[in-house]
Each structure stands twice: as C-alpha cells, then as structure tokens.
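The values are calculated or read from the model by the stated rules, or taken from the named source; none is laboratory data. If you're wondering where the values come from, they're calculated on a predicted model, not measured in any experiment. FYI the Cβ positions are ideal-geometry reconstructions off the backbone, even for glycines, and counts take in every protein chain you see.
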C-alpha cells in the first residue's frame, strides 16, 4: 500500500462527507407521521388567513379556489329542498310537503332552515341563485364547533347573542375563522348535525339515525363501527359533484344490478347494500340469497331500530297540545326515564327504543298526500306518504319500516291538511301563543293557500323505510322470527312462509286421516285382544 | 314353535331400519317446519330435515341398486287375486283365531295386501314427497329450470299431503306389525331376518 492509495482513501472520505452534508441541507420537510388523506392544509391558504365576520364571507373565500362548487350545490336537493318525482309527477321536498312531526316549513323558515345548507332562508322570498348563500362549512367542518341554532335562518352565531331574543339566554359565538381554516371531508358528525336531529330533536324522526350513530359500536352499526370499519355516511352515500346519492323520495327498493365495479358504467344508486355486496352475498347458504329475491337485506340485518340508547318518537298527537297550568304557563311532562312525553306547544308523544319495524312490500314508489289534496276525516287514518309495492309486481321486496303515527290539524271545511305557523316569537306562532286558528291562518297565508278558519284534527301515518343501524351478521334475524305463527311477517300477503302458513283444509283432512288410522288400529287391536282372550278362555 | 324361514336379508334389514329412523325423524322435523310444534327451533329443524333427506337419497341409491341386481323388486309386483282373502282375514278371520292365509317365503315375502300397500307407498306417496321435496330444496333454481310458474304454496301443500299419507301409513304399519302370532314376532323377524310361523 503506497501513498497513492492513501490519497484515494482520503478522497473517498471527503466525497462521503460532502454527500451527507448536501443531503442534510435539503431534508427540511420531514415526512408526516400520519398518512394524510388530503393534499391541502387550508390553514396555509392566504384567502383564509383573515378574520371572518359571517358565513357568506367564508363562502366567498372558498369560491375563489372552488369556483364551481356553488353551482354544483345549487342543483341539489340539499340546496333546493325540492324534488320533482318523475314517476308520480308530484313536487316534493321539504319546501313543499308536510309531515306529521313539526308539519311544515312554511312560515317557520328561520327555525327549520337551521338545517339548510345555506345562509339566510328566512322567508318564502329566499334567493336560491346567490352563490355566497351556500354554506360550505356545515358539511365540511372538522372542528365540531360549527353550529346553526334554530331561529337564525341557517346562520351560525359569530358574536355572543341573546337567543331567542328576549329570553335572557346567551348563545356563545363560534370561531368561524378556525372552522374555515380546518375544513375537510364530511363526516358522521357533519351529516348527523341535521340528519340525527330530524323532526326537531335527537332521534325524533328516522329511528335508524340518531346521535348514537356519531360513534357507533359494532353492534349498533357494523359498517360505521367507530373502532372498526369506521364508515362515514359518504362511504355509502357516494357523492359526486356535491350531489349526495340516495333518496327518500325515489329510493331503490330492489337492486338487481350487482356490485359496482370500477370502469363499468353504472348510474344506479351507489347507496344500496347490493352496490357493494352484490346480489348473492351469502356464500355459505344459498337459501339466504334465494330469500333476498323477496326480502330486502335490511329486513333480516336490521332486527330493530333505535338501538343506540336514544328513543325515537313513534306517535305524536297534536290534538292534545295547548294545556296551560294554573299560572297560565306551558306544561312539560316527562316519563320515569326523564323523556318528554307531553309539551303544551306540541302535544303528546309516544317514544320507543329497540323498536321492531313493521314490514311491507315496497317497490320504491313513494306517494304523498300534499297540502293541496282533498282528504276526508271519515276515511280514518290519512297517509301522509305511502309506499307502493305488491308481491306480484316483480319490483317489490319486503322492507322494514318505521310507521310514524299521529294526529294533526286539518281544515274540515276545505278538507285539506294545513301548515300551521309554529316556530316564531310572534303573535301567531303556536309554540308561543297556543292558538290554533291564528297559527294555521298565518301558515296557510305564507304558503299562499286557502284556510276556512276552522281547525280539526285527523289521524295520520307516515312510512319511513329503515336502512341504517345494520347489525353484525350474528345478530341478524333468526329464521323463526318470520317462520312462525304470529311472527314478524304476519301481515305480509303473497308469499308462502313455511312455519307461518298452512292450508287449513289440507291440515284438517290430513290430521283426520292420521287420526282415523290411529283409531282404526286401536279399535282393531281392542277387538283382537278381546277375541284372543275369549279364545283362550274357551 | 313352528318352522323358521329366513325372509329378510342383511341389507334389507339395514335398509328398513335406517329408512324407518330417517322417516320418523323427518316426520318429527317436517311437522315442526310446518309449524305444528316447536322442538328444535325452525332453523335447526330445517337443517336436520335436509340432512336426513340427503341421507335417505343416499340410502335409496343403494336400495334401488340392491333391488335391481338381486331381483328383489319382484316382491312388489301386485297380485290382485288374493287381496280379498287377506282383507277378509284382517276384518273377520283374525278375530276368530283363524290361521293367516298367507305364509311368507324367500320367494314371496309379502302378502298380497302388503304388496299392494308397499307398491302404493312406492308409486304414490314416495314420488309425491320426493318430487315436492326436491322442488322445495331447490326453490332458488326454479326460474333457471324454467319452472317459474310453480308456486311454493302448491309444492308445500303437495309435500304436506305426502307427509300426512306417510303418517297414516306409519301408524297402520306399526299396528299391523303387532298382529302377528305374538305382538313382537314380526319385529323380531325384521331384526333377525327369521320369520317364525
């Protein structure tokens, strides 16, 4: 080894040192410990690095980059609260229909539109074409602090304020700037902020959607299981162009299309069970796939609704509303579990937990009794909506349904249901003054509809197909739940269900023949014994 | 003690008793599926019923093979002429302690009434139960087989009729077994193969 090789070695060492130095000089941005699901940190955007004073200000900033987002939103049901049913021709959507919960949004906009994905829908004159009125944050908030209290027409509280005015209750303002800088994908919480609280409170309306679904365990929802599959709503309600898939007005009752596959053009509803699981999901028991040609997945896999510990309303009787106590104040009564079962402003409620659904043939057609339709009290129960379906139309499956029953005001002279003015800190709002005719007059006037001045009450029903709260497979219905006398499908016509059904005539004749064989044998036997005794005696 | 005749061969006895066990078990589970009572629970009753059905299918494959290859099927050829004699015996002669007009032998195991009855079971009750039972099992394949016009209800009713007829046969069969020269002599014959007359 000579001087030459020594020089070579020194050169190598120097080269390595130089290399190391250059690497350390470039590695300024460490890899993130977590794999991010987004490429954008909105807090780094200049457009959002300012103090926002209102919702529309934030939207304006959003639209500087997401230039087409408002246009996408403007096309949706979430924005318009309007849906033209192409099959029935009925104009539906919250803007038009009435229900048997809080009844109608007409004249109650400021309260109801706290769940509108917009700002400022305070009366019938709301301008649906204004881009800045789109509320991006209500769906894209990740902080959980964004709230839109009723009474503010969909606006959040930015500065502390008294709400309702004159109540002495102060609602704290939220840091809308922080909300704007931390936007992200929608979540169970953002969708749930409205959909868990439909009908005016937690769990009231759907029965299969309530606050327990914000972080459900496996038993409550096998897909949304917060420590398991952790689906968000949008995992199934696969959204494209801001148009959320899935509809209560035109639902998919029977999906024959199999699982969706990338690359295959498929415009069918991506929110059905079949769109992921296909039409033959039961690998071990072909007989169950065969059941699925008549029975919706939900029927066996959602054994009960309201399973998360929050009771859902099952009945709402408006006709008992209006009580006042000795001091003339409104009354609230609770059951032994502390749940409200009577309110002067709303009437009497029946609540239910772990409710077994009712079952109906359903083909996806949903029709409504609209406020313009004539009704007769003598018809008995008026169906606010009803589900189409029959065992023979080839389009129906047996579905689980929450049937919401109640009694609500109608106009006995004009023979229509009515839209009362309920929410509102004014002289005609029923919730404040408990006077029906004034409330109905104000509501119908706002809706541009006639009112005779008289109010009566009529029994009503609404049908809510159950599709959430899917239980793990080990908790699916056992066969005997339906295959038995007085089982769950007692009222279902048009299918022969072994264990439930038997031909009475055949059974009578059959048992008769078997009994005759037995009696004949016994008689013959007795005669034979007697004859043999006699013979032995001889 | 009279003479002893070897009537029932080994396979035949095995066939008889395993078939008897399977049919009794299928009546038990079948009427549970029908909704008559609850013992195993609907789901297990269905599973047991299916297992028993496929076991019986397997047994029949062997039994048919045995009958064809040994010529034993000839024991089910009906002979009409002496049916009335046998019928008269069971309706009156038996009470007067008359001797049975039929003597079984290896070539002629069944009396004419038995031949007719077993043939009836083979030609009417069994096919009714088998065909409806298979249709029941393969309900999901009906449309693929071009049988969409079938109604599950008709198939179920047919299967039920078969079950009731089998039950009536079963009751009568059990009783008539006890009417030999001692109540257990015929059961013994089916166990040992030897008939004592």
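Please tell me if residue A:465 is in contact with a strand residue (DSSP E or B) (Cβ under 6 Å, 6 or more places away or on another chain) and farther than 30 Å from residue A:439 by Cβ. For residue A:465, the condition - in contact with a strand residue (DSSP E or B) (Cβ under 6 Å, 6 or more places away or on another chain) and farther than 30 Å from residue A:439 by Cβ - is met.
Could you tell me whether any residue of the stretch A:509-529 is assigned to a helix (DSSP H, G or I), within 14 Å of chain B (Cβ to nearest Cβ), out of contact with any strand residue (DSSP E or B) (no Cβ under 6 Å at 6 or more places or on another chain) and closer than 30 Å to residue A:221 by Cα? Taking every residue of the stretch A:509-529 in turn, none turns out to be assigned to a helix (DSSP H, G or I), within 14 Å of chain B (Cβ to nearest Cβ), out of contact with any strand residue (DSSP E or B) (no Cβ under 6 Å at 6 or more places or on another chain) and closer than 30 Å to residue A:221 by Cα. When each of B:106, B:151 is tested for being touching a residue at least 40 places away in the same chain (Cβ under 8 Å) and out of contact with any helix residue (DSSP H, G or I) (no Cβ under 6 Å at 6 or more places or on another chain), the lone residue that passes is B:106.
Only residues that are assigned to a loop (DSSP other than H, G, I, E, B) and either surrounded by 15 or more Cβ atoms within 10 Å (Cβ to Cβ) or in contact with a strand residue (DSSP E or B) (Cβ under 9 Å, 6 or more places away or on another chain) (or both) were counted across the stretch A:71-86, and they come to 5.
Would you check if residue B:101 is at pLDDT below 90, farther than 30 Å from residue A:287 by Cα, in a loop (DSSP other than H, G, I, E, B) and more than 14 Å from chain A (Cβ to nearest Cβ)? Yes. Within the stretch A:468-478, the set of residues being in contact (Cβ under 8 Å) with a residue 60 or more places away in the chain and under 23 Å from residue A:285 (Cα atoms) comprises A:470, A:471, A:472, A:473, A:475, A:476, A:477. Screening the candidates A:475, A:486, A:503 for the property of being surrounded by 13 or more Cβ atoms within 10 Å (Cβ to Cβ), out of contact with any strand residue (DSSP E or B) (no Cβ under 8 Å at 6 or more places or on another chain) and more than 9 Å from every other protein chain (Cβ to nearest Cβ) yields one hit, A:475. The numbered conditions (1) more than 30 Å from residue A:274 (Cβ to Cβ); (2) in a loop (DSSP other than H, G, I, E, B) are all true for residue A:198 except (1).
Those helices (runs of 4 or more DSSP H) of the stretch A:273-326 in which at least 1 residues are within 14 Å of chain B (Cβ to nearest Cβ) and surrounded by fewer than 15 Cβ atoms within 10 Å (Cβ to Cβ), considering only elements entirely within it, cover A:286-291. Just one of the listed residues (B:189, B:156, B:168) is in contact with a strand residue (DSSP E or B) (Cβ under 9 Å, 6 or more places away or on another chain), outside any loop (DSSP other than H, G, I, E, B) and facing another protein chain (nearest Cβ under 8 Å), and it is B:156.
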